[in-house]
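Read through the structure below, which is laid out as structure tokens, and then see the notes.
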Amino acid sequence: MDLTTLTTVHTAISIVAILTGAIAVFGLFKASTDGFWTAIFLVTAILTSATGFLFPFNGVLPSHVVSVIALAVLALVLVARYGLGLAGPWRWIYAAGMVFSLYFLVFVGIAQAFAKVPVLQAAAPTQSELPFSLAQGLTLVIFVALAIAASRSFRPPVARLA
């Protein structure tokens, strides 16, 4: 696959992951475990991190570190939901993990926007300037608050034995 096609596919998967992740995270506040949106989010989030390793690179880049962390969090989410049925502390681990899985995608999306969108690139050409730090810092604060709120409020129905 050529670099242009890889970039297009990777970007499309990332956008689907962010959109379905937002739906799945919103569902946490309604105690929803909607399998459709959650499954699409989890698959596309995993694919986003995995396809990031297909780009040519020399050495370990920050994007690789974020991808490894994101994949580790996604593994916990999968174990919590499908392996342990959201029992006990796995309920809040699942909720926080879903939120932080979405956060990692948004974090990278912001970094890409500052690298590719001319007005943002002009405001923070090295991504060490105040506008970039403010955008990432505000995003982190919002997602930490969402993770705490989701962990506290997510209470899916308990399966009853017949």
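For this structure, a couple of remarks:
- Residue that is within 24 Å of Thr139 (Cβ to Cβ) and either hydroxyl-bearing (Ser, Thr, Tyr) or surrounded by 13 or more Cβ atoms within 10 Å (Cβ to Cβ) (or both), where the choices are Thr20, Thr4: Thr20
- Number of positions in segment 108-162 that are β-branched (Val, Ile, Thr), closer than 29 Å to Thr38 by Cβ and over 16 Å from the mean Cα position of the chain (by Cα): 1
- Pairing residues of segment 49-60 that are surrounded by 10 or more Cβ atoms within 10 Å (Cβ to Cβ) with residues that are assigned to a loop (DSSP other than H, G, I, E, B), at Cβ distances under 8 Å and at least 6 apart in sequence or on separate chains, gives Leu54/Met1.
Yes or no, residue by residue, for (1) surrounded by fewer than 18 Cβ atoms within 10 Å (Cβ to Cβ); (2) closer than 19 Å to Ala17 by Cα; (3) in contact with a helix residue (DSSP H, G or I) (Cβ under 8 Å, 6 or more places away or on another chain):
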position: Val66; (1), (2), (3): yes, yes, yes
position: Arg81; (1), (2), (3): no, yes, yes
position: Phe100; (1), (2), (3): no, yes, yes
position: Tyr103; (1), (2), (3): no, yes, yes
position: Lys116; (1), (2), (3): yes, no, no
position: Ala122; (1), (2), (3): yes, no, no
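- Residue in segment 32-52 that is over 13 Å from the mean Cα position of the chain (by Cα), at pLDDT below 95 and closer than 17 Å to Ala149 by Cα present: yes
Conditions tested, residue by residue: (1) of a type in the set (A, V, I, L, M, F, W, C); (2) without any contact (Cβ under 8 Å) to a residue 24 or more places away in the chain; (3) touching a strand residue (DSSP E or B) at 6+ places or on another chain (Cβ under 6 Å).
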site	(1), (2), (3)
Val68	yes, yes, no
Ala72	yes, yes, no
Val77	yes, no, no
Arg81	no, no, no
Gly85	no, no, no
Leu102	yes, no, no
Val106	yes, no, no
Leu120	yes, yes, no
Gln127	no, yes, no
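- Phe29 being loosely packed, with under 15 Cβ neighbours inside 10 Å, modelled with pLDDT under 95, closer than 30 Å to Leu86 by Cβ and not small (Gly, Ala, Ser): yes
- With respect to being of a type in the set (A, V, I, L, M, F, W, C), part of a helix (DSSP H, G or I) and either in contact (Cβ under 8 Å) with a residue 60 or more places away in the chain or in contact with a helix residue (DSSP H, G or I) (Cβ under 7 Å, 6 or more places away or on another chain) (or both), Phe41 fits the description.
- In segment 142-159, the residues that are modelled with pLDDT under 90 and among the hydrophobic types (A, V, I, L, M, F, W, C) form no Cβ pair under 7 Å with any partner that is surrounded by 14 or more Cβ atoms within 10 Å (Cβ to Cβ) and part of a loop (DSSP other than H, G, I, E, B), whether six or more places apart or across chains.
- Residue in segment 53-64 that is part of a helix (DSSP H, G or I), aliphatic (A, V, I, L, M) and in contact with a helix residue (DSSP H, G or I) (Cβ under 8 Å, 6 or more places away or on another chain) present: no
The values are calculated or read from the model by the stated rules, or taken from the named source; none is laboratory data. Given the structure is predicted, the values throughout are model-derived calculations rather than measurements. Quick reminder, even Gly has a Cβ in these numbers, built from the backbone with ideal geometry, and neighbours come from all protein chains shown.
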